[in-house]
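Enquirer: Below is the structure I would like to discuss, written out as structure tokens.
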Amino acid sequence: MNRVELTIDGPIATITNNNPDKHNAFDDEMDVQLFEIIGELQQRPDVRAVIWRGEGKSFSSGRDVGAIGTLQVDLSHHELMRRGHRGIQRLWELDAPVLVACKGWVMGGSFQRALLCDIRVAAEGTRFRLPELTYGVIPDTGGVAVLYEMCGPGVVSDLVLTGRVLSVEEAYGLGIVSRIVAPDDLDATVLEMAEQIASTPKVSVKLAREVIRHLSVPTVRASMADEMIFQTFINKSHDFAESRAARAEEREPRYTGS
């Protein structure tokens, strides 16, 4: 069974993260399924709006912890990151806007992927987090650049360097989400928004999104290029190896800065 699913009902497409036992944590196989779905949506001019949601309690808790620092496919780390960047950047090539229904945990790479979409609506109680540094790596999916534009360097540095949890109320105040709704109303609210968008002229929606993307996408692309280089270096660093060893041996790490 696919753990990322696509359904299409008239002009509305819905992507569903369907790994609820792990709060929809992503691994390499789920990444491939997601990228194939985005590629399919590129070939569907009849789709006017896309909803991205999660089955169960959370949108997604990010990367499956068991997959961090391990290669589950026959690709180098750099090639795997390149595939990931190319796959998720296809979101920008869709003619249809993508609305994310945030709930439960929205963490790590999945938080960053949500930030690359057009609109985020959150249920009450949703929590956001970028915990990458606690695993010895850095955020690498473009979300830092988007957050920088939204929140400025102080908030971004706090979230990235401390890995703290961001409440849904803070996220709304910072412009990360545009609406907060009751959990039972989340899917219906996002569907209503998608239907409203789908009812407006297609060319107008397309060009309005082009204007918005031209303001932000070049900066995000440049940031993601840096992330690819730096994350590849970190993956081969002594400090990252020490971080993994310390976790496995249940001891304090001894970092050398190399």
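Enquirer: Among Phe240, Leu133, Ser157, which residue has its Cα positioned farthest towards the positive end of the charge dipole of the chain, with +1 placed on the Cβ of Lys and Arg, -1 on the Cβ of Asp and Glu, and the dipole taken about the Cα centre?
Expert: Ser157
Enquirer: Check which residues have an amide H placed less than 5 Å from Trp52's amide H, if you skip close sequence neighbours.
Expert: Counting only residues 5 or more places away or on other chains, the set is Ile15, Leu99, Val100, Ala101.
Enquirer: Can I ask one more? Could you provide, to the nearest whole Å², the per residue accessible area of region 81-184 with probe 1.4 Å?
Expert: 38
Enquirer: If I histogram all Cα-Cα distances within region 194-244 using bins 5 Å wide from 0, what percent of pairs lands in each bin?
Expert: It works out to 5, 15, 14, 12, 11, 10, 9, 8, 7, 7, 3, in whole percents.
Enquirer: Suppose every Lys and Arg Cβ carries +1 and every Asp and Glu Cβ carries -1, with no other charges. What dipole size does the chain come out with about its Cα centre, to the nearest 20 debye?
Expert: 400
Enquirer: Report the convex hull volume per residue for region 58-144, counting only C-alpha atoms, in Å³.
Expert: 100
Enquirer: On C-alpha positions alone, give me the angle between the axis of helix 202-235 and the longest principal axis of the chain, in degrees, nearest 10.
Expert: Between helix and principal axis, roughly 10 degrees.
Enquirer: Given the Cα atoms of region 95-190, and with Rh set as the inverse mean 1/r over their pairs in the Kirkwood sense, what is Rg to Rh to two decimals?
Expert: On the Cα set of region 95-190, Rg over Rh gives 0.96.
Enquirer: Of all alpha-carbon pairs in region 134-202, indicate the percentage at a distance above 21 angstrom.
Expert: When every Cα pair of region 134-202 is considered, 44 percent fall beyond 21 Å.
Enquirer: Could you please state, rounded to a whole Å, how far the C-alpha centre of region 202-244 is from the C-alpha centre of region 5-23?
Expert: Region 202-244 and region 5-23 have Cα centres spaced 24 Å from each other.
Enquirer: Which value, in debye to the nearest 20, gives the size of the charge dipole of region 118-189 about its Cα centre, when Lys and Arg are +1 and Asp and Glu are -1 at the Cβ?
Expert: That gives a dipole near 200 debye.
Enquirer: Let me have the 222 nm mean residue ellipticity of the chain computed from DSSP H runs of 4+ only, each contributing -39500 (n - 2.57), with the sum over all residues rounded to the nearest 500.
Expert: -15000 deg cm²/dmol
Enquirer: A further question follows. In a solvent-free Debye calculation with one equal scatterer on each Cα, what is log10 I(q)/I(0) for region 162-230 at q = 0.12, 0.22 Å⁻¹, listed in the order of the q values?
Expert: At q = 0.12, 0.22 Å⁻¹ the computed log10 ratios are -0.58, -1.08.
Enquirer: How much of the accessible area of region 80-204, in percent, comes from carbon and sulfur atoms when a 1.4 Å probe is used?
Expert: 53
Enquirer: For the chain, what is the relative contact order in percent, using Cα pairs closer than 8 Å and at least 6 residues apart in sequence?
Expert: It rounds to 17 percent for the chain.
Enquirer: Quick one: compute a quarter of the convex hull surface over the Cα atoms of the chain and quote it in nm².
Expert: So the mean shadow area of the Cα hull is 13.8 nm².
Enquirer: Further question: Could you pull out every residue, at least 5 positions away or on a different chain, whose amide H is within less than 5 Å of the one on Ile12? Hs are placed 1.01 Å off N in the peptide plane, and Pro or chain starts have none.
Expert: Under 5 Å from the amide H of Ile12: Arg48.
Enquirer: Please list 96-107, 27-38 highest first by mean number of surrounding beta-carbon atoms within 10 Å per residue.
Expert: 96-107, 27-38
The values are calculated or read from the model by the stated rules, or taken from the named source; none is laboratory data. Bear in mind that the values here come from a model prediction, so they are computed numbers and not experimental data. Ideal geometry is used to build each Cβ from the backbone, glycine not excepted, and the neighbour counts take in all protein chains shown. The area values use the complete protein model at the heavy-atom level, side chains included, leaving out ligands, DNA and RNA. Shrake-Rupley method; radii C 1.70, N 1.55, O 1.52, S 1.80 Å.
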